Every structure is written in structure tokens, then in C-alpha cells.
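The values are calculated or read from the model by the stated rules, or taken from the named source; none is laboratory data. The structure presented is a predicted model; accordingly, all values stated were derived computationally and were not measured. Methodologically, a virtual Cβ is constructed for each residue, glycine included, from the backbone with ideal geometry; neighbour enumeration extends over all protein chains shown. Accessible surface is based on the protein model in full, side chains and every heavy atom, while ligands, DNA and RNA are left aside. Shrake-Rupley method; radii C 1.70, N 1.55, O 1.52, S 1.80 Å.
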Amino acid sequence: MSLARSPAPTDRYSVAALLREALRGHTGWRPAWRAPEPRKRYDAIIVGGGGHGLATAYYLAKTHGINNVAVLERGWIGGGNVGRNTTVVRSNYLLPANIAFYEYSLKLWEGLERELNYNVMVSQRGIVNLFHDDGQRDAAIRRGNALRARDIDSELWNAAQLRRRIPILNFDAARFPILGALVQPRAGTVRHDAVAWGYARAADRLGVDIIQECDVTAIRRSNAGDVTGVDTSRGAIDAPVIALSCAGNSSRVAALAGLRLPIETHVLQAFVTEGIKPFLDTVVSFGAGHFYISQSDKGGLVFGGDLDGYNSYAQRGGMPIVERVAECAMALMPAAGRLRILRAWGGRMDMSMDGSPIIDKTPVPGLLLNAGWCYGGFKATPAAGVCLAHLIATGGSHPLAAAYRLDRFATGRLLDEEATGPLPGAH
């Protein structure tokens, strides 16, 4: 294993460091992470330099002392799904395995800035999941009880409470009357690209090599079938363990090892409006359509909706979803119609057959998989990193990821959180 480098005087961000650098013209700062040339061999290779891959490298070095690790990113850090989402973090799930996993992740979010010595702008502004009929109310009560039974924060608000807290919602002329909401006060948002930068900086400080503009073109295997390394656009790299953490590209990269995954790749669009004065201090999801909205620190409204509905590896979407999302925005909050949409983007979503993720070994010896996150990838970043790092270091599943086995699709132990069946696009 390689040894981590000794921190420079200004490696740790602090008020003292800021004052010191101000006095010497900010000449002591160095890049947040190195740009190393790839070595010939590593103890482990992580394919994918998004939030999950970088978090895995960080916890692998910090918790398990393994820092002879390469993170291979085909583009640039922050250019994939970690920078293409709506930044929401929460743990208000229903199934026990998902509740435990995402609550652990939310607790890691709560201490992440101190952990990384980096401002990732964690804002626990809460999430408000609206309901509009008696059936949705019953489902909200059931979910809330499941959370409270595990000592996780959950509140049921009626329409009067919502009027006082979020008066701009369409209560009086609504096509879908708002009856109440299930609320998780500890949920909120986190600055997505700062998460990537914070984990990259922290992993680099522990000796991990982060290699950008490095496209994996082949996964090499021995005569016995074990992985031996990868061929990349920057040369061949050997390693006895290769962990795939490449989101919507998981199927394509796994195919390089002859592995077919139970995953479909879809596009999920997101949008942001022009900035306005603060008026929405929480995250709101629409119960009569798949739509969620919050207001960023810059003042823009950030929102999204459903998948585009067809398989694609593109990072752009189609106009029908733009129209549908705009319709939901107008139904929920008519005042939003006065705002201009400044930009839109798409993320490649790795949709599993039951809507829950996979963190497990694969049938290819030495090849590990972290995929199938559907809509939940960003909020899972810290916990996914912990669990994949544990799998790399020990060869066994972390207790929190025990239900996220790959073979559950053969054994029938599915985790269908949305109860929509084996339809990846419906999750």
C-alpha cells in the first residue's frame, strides 16, 4: 500500500488558514486534489468518479487503511450524475431494509462537513410529501408509523398546518385538493457538486489516486476467470479487485467483463428557474403527479418529475416530460408560471427491476457492483461508499447492504418500495 502524503499547512480549511492566506496573497493554497499519472498496479480500482465512487475510495482509505486505490473517471469530477440531480436527501422510506440504509446515510450527511473539513452546504430544511385523497392519506400514515417505530422523525400535517407553513400552494382552486402531508423535518438538500469535490479532496489527502479523462475500454480476466485489471484510454492498469460504481453506464461497463445486469438505463430530467427572493424554505413533493420542488441558495426553483420513459444513455431529455413537469408545477403552485426556466439537464438513471439498489459481488471473481440506484442515488452517497468499501476490504456484505444482493432477482427476495412490480421505468 502507498502512504498518504503529509498535509501542507493550508490543507485544512479554517478561519486561521483563510486569514494566513489573505496576508500572503493566497499563494499557499494548492489544488484540492492531485492529477496523478496512473500506476501500473493498484490494490483496487473503482470505476466511476461520481459521489459513490469517491465516497468508496475515501472510506476504503480512512476506515480500512487501503489507499493504494485508483478512481477512474471517464470525464471530469462532478460531470456525471453527482452534479445532475435535484440535491434532495431523506430517509422516509417504507421497507425495513431501505429505512435502515437511508437513515444511516442521512446521519452521515449530518456530520459530513466536519468529517471532510469541507462545506457541502447541508441544509436540513425538511421534506413535505403532499397527499390528496383518503388512499394517499392512509399510505402516508402507514409510512409515518413505520418510521416512528424505528425512532425516525416523521410528522403528519393537516391542510391548516400546510397553509400556515407554505401558503403559496394551490389550496383553493386546486384540481387535486391538498388534504395534508407526511413531513420529515431532518430531510433537506445538499450541494451536489460540493459533495464530489469534498470526497475527492478527502480521498486524495489519504493517498488515493483520482484519474480523470480515463475511459475504461476493457476488463481483463485470467484463464480462471478472475479479473486482472483494465485497459483504459490512458493505458493498462492491473488490480485484483475492480468495483463498478458508474450509475447509468453500469450495464455497458459490466458487459466488458461478459456480465449482463438486471438494469435499464433511463433519462431523468431536472430544471432550474431564474432566481427570486426566498419564499420556499422546504422541499415539497406533489402527490397527484411525480413532481418535487425546492428553492436553491441562489434563489432559483429546482424541480423534476418522471423519467422520460424510454431507454437511453443520453444526458438530455425530450419535450414531453418538460411539458408534464410544467403542468405539475402549475397545478401545485400557479405562481411558478411567471418564472422562466433557465436551464435543464438529464442524468443517466440505472433503474433496477425492483427499484432498489445492488451492492454485491458478481459472478465474475474480483468484480464488485454498486448500481441500480434509480431515483435514490444521491441521497445514498455516504452509506453506499461505506458499504462498498466494506465489501472491497472484507469480501463480505456490510449488514446495511445485506438485502441489496444481486441474486435476489433469482431468489425472489425483492425490495419493491413502490409496489409497481418488475418494471424498471415505473420505479
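Quick notes on this one:
- Using the Cβ-Cβ distance between ASN119 and SER222 with R0 set to 41 Å, the FRET efficiency works out to roughly 0.35.
- Close amide H contacts of PHE131 (hydrogens built in the peptide plane, cut-off under 5 Å, sequence separation of 5 or more or a different chain): LEU179, GLY180, ALA181, LEU182.
- Close amide-amide hydrogen proximity is noted between GLY309 and VAL267, each under 5 Å apart and 5 or more residues distant or on a separate chain (H modeled in the peptide plane; Pro and chain starts excluded).
- Net charge contributed by nearby residues that have their C-beta within less than 15 Å of GLU417 (K/R +1, D/E -1): +2
- Taking a straight Cα-Cα cut-off under 17 Å and skipping sequence neighbours fewer than 8 places away in the same chain, the aspartates and glutamates within cross-link reach of LYS298 are ASP193, GLU274, ASP281.
- Gyration tensor (alpha-carbon) shape descriptor, the stretch 40-80, a/c threshold 1.5: oblate
- Straight-line reach from LYS107: taking Cα to Cα under 25 Å and skipping same-chain neighbours fewer than 8 places apart, the lysines in range are LYS62, LYS379.
- For the chain, the longest principal axis of the C-alpha atoms and the axis of helix 192-205 are separated by about 20°.
- For the stretch 50-108: rounded, prolate or oblate by the Cα gyration tensor [a/c cutoff 1.5]: oblate
- Taking the C-alpha atoms only, the angle from helix 134-148 to the longest principal axis of the chain is near 50 degrees.
- Heavy-atom surface of the stretch 272-360, accessible at 1.4 Å and reported per residue (Å²): 45
- Other residues within the sphere of radius under 14 Å centred on the Cβ of ARG338, judged by their own Cβ, net out at +1 (K and R +1, D and E -1).
- Whether the stretch 259-361 is rounded, prolate or oblate, judged on the alpha carbon gyration tensor where a/c under 1.5 counts as rounded: prolate
- Summarised in one figure, the compactness ratio Rg/Rh of the chain, Cα atoms and Kirkwood Rh, is 0.98.
- Note that the stretch 38-45 has calculated 3J(HN,Hα) couplings of x, 7, 6, 8, 10, 6, 7, 10 Hz, one per residue in order, obtained from phi through the Karplus relation 6.51 cos²θ - 1.76 cosθ + 1.60 (θ = phi - 60°); glycine and proline are x.
- LEU400 contributes an accessible area of around 40 Å² to the protein surface, as traced by a 1.4 Å probe with all chains present.
- Annotation: amide H of ILE46 within the under-5 Å range of ALA70, VAL71, LEU72, ALA243, sequence separation 5 or more or interchain, hydrogens built in the peptide plane.
- For the chain, the longest principal axis of the alpha carbon atoms and the long axis of helix 96-110 meet at an angle near 80°.
- The label point for ARG150 and the one for ARG24, both projected 7 Å from the Cα toward the Cβ, are 4.9 nm apart.
- Accessible-area composition of the stretch 31-183, carbon plus sulfur, in percent [1.4 Å probe]: 49
- Karplus-derived HN-Hα couplings along the stretch 394-411 (A = 6.51, B = -1.76, C = 1.60, θ = phi - 60°), whole Hz, x at Gly and Pro: 10, x, x, 6, 5, x, 6, 10, 4, 7, 9, 6, 5, 7, 5, 6, 8, 8
- Label point 7 Å beyond Cα of THR420 along Cβ direction - residues of the stretch 286-306 with amide nitrogen under 13 Å: 289-291, 305-306
- In Hz, Karplus ³J(HN,Hα) per residue of the stretch 225-238 (6.51, -1.76, 1.60; θ = phi - 60°; x = Gly, Pro): x, 5, 6, 10, x, 9, 9, 10, 5, 10, x, 7, 9, 9
- Span from the the stretch 411-427 Cα centroid across to the the stretch 111-149 one, whole angstrom: 22
- Among the protein heavy atoms, those of SER14 account for about 60 Å² of accessible surface (1.4 Å probe, every chain in place).
- Sulfur and carbon atoms: percent of accessible area, the stretch 376-427 [1.4 Å]: 57
- Other residues lying with their Cβ under 13 Å from the Cβ of GLY305 contribute a combined charge of -3, Lys and Arg counting +1, Asp and Glu -1.
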